[in-house]
Amino acid sequence: MTKVLLIHGPNLNLLGQREPDVYGKVTIEEINRDVKKEAAKEDITIKIMQSNHEGEIVDAIGKAKDNFEGIIINPAAYTHTSIAIRDAISAAGIPAVEVHLSNIYSREEFRHTSLVAPVALGQISGFGKYSYILAVKAIAKTLKK
Ligand code: DQA
């Protein structure tokens, strides 16, 4: 079975209550349930974590290459600030798909830069919870090649 790690970054534990005009009413539990369903269809086992702490995310990515074949990550606000997460993804050497619920390019200018995008396999942004579903399909396609 192919194993993939899904990382939700800071404040994504608050989905459902957090800025529903931007992120909708979807909760992290609902996303995780749908992601697991999609992953099962693709014969992928998915481990899911959420952290509000940069170092914890860096540690998880650092360990990922021993246990997982790919990563799906919504780095949330760290997308725009974290060289440490970018370097961890680059060092891991396994494919990573960057995900955003909102279209980061249609929002404030500080969200237009992703430090992670250059080291990601690709980025999916703007499709709400379907961004995650599309990421599962993208990583599945890549790992099956
Ligand atoms: C986000 C977009 C980021 O700019 C923001 O800081 C988030 C969520 C998204 O999924 O749309 O926390 O990554």
Of the residues in segment 87-145, how many are within 12 Å of the ligand (Cβ to nearest atom), open to solvent by 20 Å² or more (accessible area, probe 1.4 Å) and β-branched (Val, Ile, Thr)? 2
Restricting attention to segment 62-83, and to residues there that are more than 16 Å from the ligand (Cβ to nearest atom) and touching a helix residue (DSSP H, G or I) at 6+ places or on another chain (Cβ under 7 Å), which single residue is most open to solvent (accessible area, probe 1.4 Å)? Lys65
Within 16 Å of the ligand (Cβ to nearest atom) and open to solvent by 70 Å² or more (accessible area, probe 1.4 Å) - does that describe any residue in segment 37-53? yes
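State whether one or more residues within segment 127-138 are among the polar types (S, T, N, Q) and not in a helix (DSSP H, G or I).
We begin by selecting, within segment 127-138, every residue among the polar types (S, T, N, Q); these are 131.
Now narrow it down to the ones that are not in a helix (DSSP H, G or I): none.
No, segment 127-138 contains no residue that is among the polar types (S, T, N, Q) and not in a helix (DSSP H, G or I).
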Any idea how many residues of segment 15-27 are open to solvent by 30 Å² or more (accessible area, probe 1.4 Å), within 21 Å of Ser114 (Cβ to Cβ) and modelled with pLDDT of 95 or more? 0
Cβ-Cβ under 7 Å pairs, at least 6 apart or on other chains, segment 70-92 side basic (Lys, Arg), far side open to solvent by less than 10 Å² (accessible area, probe 1.4 Å): Arg86/Val116
Does any residue in segment 116-145 that is under 17 Å from Ile28 (Cα atoms) come within less than 9 Å, Cβ to Cβ, of a residue that is surrounded by fewer than 21 Cβ atoms within 10 Å (Cβ to Cβ) and of a type in the set (A, V, I, L, M) six or more places away or on a different chain, and which pairs are these? Ser125/Ile104; Gly126/Ile104; Phe127/Ile133; Phe127/Leu134; Gly128/Val26; Lys129/Val26
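The values are calculated or read from the model by the stated rules, or taken from the named source; none is laboratory data. Every value quoted in this text rests on a predicted model; they were computed, and no experiment measured them. Neighbour counts are summed over all protein chains in view; Cβ atoms, including those assigned to glycine, are modelled from backbone coordinates with ideal geometry. What goes into the accessible areas is simple: the full protein's heavy atoms, side chains included, and nothing from ligands, DNA or RNA. Shrake-Rupley method; radii C 1.70, N 1.55, O 1.52, S 1.80 Å.
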